[in-house]
Amino acid sequence: MTTPKLTGNEKAANGPLPGDHALVEAEHRGSAAIASPGYYPSMTGAEISGSDRSGCFPYASFTGSFTEPNVVFAWRSEDAYQGTTFLCGREPGELFLCGGNLPKAKGPVYPGPYVARVDATTGKQIWRTYLENCNASGNWIGVNNLNILADGTIVTAWSTQIARLDADTGRILKTGTLPTGETLPKNAHFKHLTVAPDGTLILKNQTRADGVTDQGTMAMVKGIRKGKKMTSSVLVAVDGKTLEVLDWVQLPELGATPQGITMHKGRIATYICATEAAYRYFWDPKAKKLSRDASWSGPYLAEGQTTGDAPGIMGDWIVIQTNGIGARVPSSVVAINIHDFNKKTTVTPFGKLKKTQLSLAPPKTCIDLENNMLYSADAGVGKVAGIRLDQKTGGMTTEFVVDSTTFTFQPVIGPKDKRVLVLSNMKGDIPLMNALLDMATGKYTEQVTWRDAATGRLLAESDFFEPLTFNSLIVPAYGGRMYYPTDNGFLVLHVRPKAGR
């Protein structure tokens, strides 16, 4: 791996970025107070903000100005981490990442997945624990994640395996094997892990079509796009301490995207967006049983649309971004009432496609429940929309649309009255090449922008760096910083007002 030349943002920083220490205590205490039960009470104890995967971080700070020009500083992790996808933290100064889970389609590939503990400012490695080497095992490896449990241990799942690690040493404390139902174990990959309020781990697997031997998450997409028969996912409940499988159920179809968890009428409810329909399942901690809610399920796609992304939980509504694997018809956001599945609304924020356009919207909507705002990104049309939802009717109105080509989540940070939307923005090296080809060839660079989340107004923009890891998260960090994961490690970014410099 070669280290890219320093950008202007990196030259300006000229070294590691520790952030604004005066902000850290309030950021940590506030984040801990609103953390989802079952997760470590910190800003980034969960893979993406919490069990509902909203992508909203109210206590993460934007340290730039809303009225004056801003400047972005950047610095690269001291050590390299191939295939960095998600970064999580316990206490301020503690940072963990997962990597080695972006293998090429054909081997030999980099070993992984692995979990590493790194210095939160410099990125220097403290320990690294390899969980798998698919060159030796032959197992299918795709993108995985990590979460930090309430007791401070790390939990991660991959292939058909699950493990709990000591966060201080990297020692593997427990391992377990997960059931795959009708899917052959070699074609199952348990990427989706969410912690229920009682501490039970709820997992769901992606599947690879029989006969496809490619590595990486794109192996699943390849099967879907080629019309191959895809086996159904399973939903599994696992004890968070012992990793014992408590119950599992076969889903009616493939659920390619992660589930979200919340409470519904005193019950733990899991919402799943599958290839053709959306579903709700309940977890009963006393009976230790998973059950499908037959009253809340059904189709949600318009004609020609493809699978929706992970559901967004927004008060009395479940919102779903469509066209997760691309379509020749426009993407939309569908809102489904949690009390009545037949009560649905939809919005098409980007209008009709141009003659040569392909809609491609793999990231889920980001949810800002306090402001009744959600954010939709379609990389195929190169735009991101801010959408307001009416809690009474479910009606959605497009508040703004900005030009931004992104395949990643759209976190929002800061207090309710000063939310900031953080986006990535791709720039292809070859003119007129569409975003799908850019992504497939890797011939593009990518920047980070900070925008007023209410209006889309640009507040700050970074230089263009090497590509962000596909479908990952630009992670908020203490002291007003952000982590930008790449295939070679991560960058630390920090926005400051330009005035007076």
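Going residue by residue through segment 273-289, is there one that turns out to be among the polar types (S, T, N, Q) and crowded, with 22+ Cβ neighbours inside 10 Å? Write out each step before concluding.
Going residue by residue through segment 273-289, those that are among the polar types (S, T, N, Q) are 275.
Restricting the remaining residues to those that are crowded, with 22+ Cβ neighbours inside 10 Å gives none.
Within segment 273-289, none of the residues are among the polar types (S, T, N, Q) and crowded, with 22+ Cβ neighbours inside 10 Å.
Among ALA167, ALA219, which is the only one that is touching a residue at least 40 places away in the same chain (Cβ under 8 Å), outside any helix (DSSP H, G or I), within 30 Å of GLN125 (Cβ to Cβ) and among the hydrophobic types (A, V, I, L, M, F, W, C)?
ALA167
If you take the residues in segment 20-60 that are among the acidic types (Asp, Glu) and more than 17 Å from LYS364 (Cβ to Cβ), which one is nearest to the chain's Cα centre (by Cα)?
Filtering first and then ranking leaves GLU27.
Do the conditions hold for SER51, that is, is it farther than 26 Å from GLY489 by Cβ and assigned to a loop (DSSP other than H, G, I, E, B)?
It is true that SER51 is farther than 26 Å from GLY489 by Cβ and assigned to a loop (DSSP other than H, G, I, E, B).
Among the residues in segment 249-266, are any part of a loop (DSSP other than H, G, I, E, B), among the basic types (Lys, Arg), surrounded by fewer than 18 Cβ atoms within 10 Å (Cβ to Cβ) and at pLDDT 95 or above?
First pass over segment 249-266, keeping only residues part of a loop (DSSP other than H, G, I, E, B): 251-259, 265-266.
Still in the running and among the basic types (Lys, Arg): 265.
Now restrict to residues that are surrounded by fewer than 18 Cβ atoms within 10 Å (Cβ to Cβ): 265.
Narrowing the set further to residues that are at pLDDT 95 or above leaves 265.
Among the residues of segment 249-266, at least one is part of a loop (DSSP other than H, G, I, E, B), among the basic types (Lys, Arg), surrounded by fewer than 18 Cβ atoms within 10 Å (Cβ to Cβ) and at pLDDT 95 or above, which makes the answer yes.
Applying the selection to segment 363-380, what residues are part of a loop (DSSP other than H, G, I, E, B) and either hydroxyl-bearing (Ser, Thr, Tyr) or touching a helix residue (DSSP H, G or I) at 6+ places or on another chain (Cβ under 9 Å) (or both)? Working first, answer last.
Going residue by residue through segment 363-380, those that are part of a loop (DSSP other than H, G, I, E, B) are 363-365, 372, 379-380.
Selection gives THR365, ALA379, GLY380.
For residues in segment 96-120 being touching a residue at least 60 places away in the same chain (Cβ under 8 Å) and more than 23 Å from PRO363 (Cβ to Cβ), which is surrounded by the fewest Cβ atoms within 10 Å (Cβ to Cβ)?
LYS106
Are any residues in segment 164-196 of a type outside the set (Phe, Trp, Tyr) and under 20 Å from the mean Cα position of the chain (by Cα), and if so, which ones?
ALA188, HIS189, LYS191, HIS192, LEU193, THR194, VAL195, ALA196 - these are the residues of segment 164-196 that are of a type outside the set (Phe, Trp, Tyr) and under 20 Å from the mean Cα position of the chain (by Cα).
Looking at segment 407-423, which of the residues that are without any contact (Cβ under 8 Å) to a residue 60 or more places away in the chain and buried (at least 23 other Cβ atoms within 10 Å of the Cβ) is farthest from the chain's Cα centre (by Cα)?
LEU421
On the basis of being farther than 21 Å from THR365 by Cα, among the β-branched types (Val, Ile, Thr), modelled with pLDDT of 95 or more and crowded, with 22+ Cβ neighbours inside 10 Å, does VAL245 make the cut?
It is false that VAL245 is farther than 21 Å from THR365 by Cα, among the β-branched types (Val, Ile, Thr), modelled with pLDDT of 95 or more and crowded, with 22+ Cβ neighbours inside 10 Å.
Does GLY266 satisfy the criteria of being of a type in the set (Gly, Ala, Ser), farther than 20 Å from ALA310 by Cα and more than 22 Å from the chain's Cα centre (by Cα)?
Against the criterion (of a type in the set (Gly, Ala, Ser), farther than 20 Å from ALA310 by Cα and more than 22 Å from the chain's Cα centre (by Cα)), GLY266 qualifies.
Would a scan of segment 450-463 turn up a residue that is surrounded by fewer than 20 Cβ atoms within 10 Å (Cβ to Cβ), among the β-branched types (Val, Ile, Thr) and touching a strand residue (DSSP E or B) at 6+ places or on another chain (Cβ under 9 Å)?
Yes, segment 450-463 has at least one match.
Is it the case that some residue within segment 139-151 is surrounded by fewer than 17 Cβ atoms within 10 Å (Cβ to Cβ) and either under 19 Å from SER49 (Cβ atoms) or at pLDDT below 95 (or both)?
yes
Name the residues in segment 77-106 that are of a type in the set (A, V, I, L, M) and over 18 Å from TYR39 (Cα atoms), would you?
ALA80, LEU102, ALA105, listed by residue number.
Take the conditions crowded, with 22+ Cβ neighbours inside 10 Å, at pLDDT below 95, of a type in the set (D, E, K, R) and more than 20 Å from the chain's Cα centre (by Cα) and apply them to ASP438. Does it pass? Working first, answer last.
On the way: crowded, with 22+ Cβ neighbours inside 10 Å: yes; at pLDDT below 95: yes; of a type in the set (D, E, K, R): yes; more than 20 Å from the chain's Cα centre (by Cα): yes.
It is true that ASP438 is crowded, with 22+ Cβ neighbours inside 10 Å, at pLDDT below 95, of a type in the set (D, E, K, R) and more than 20 Å from the chain's Cα centre (by Cα).
The values are calculated or read from the model by the stated rules, or taken from the named source; none is laboratory data. Computed from a prediction, not measured in an experiment: that's the story for all the values here. All Cβ positions, even for glycine, are placed from backbone atoms using ideal geometry, and neighbour counts span all protein chains on display.
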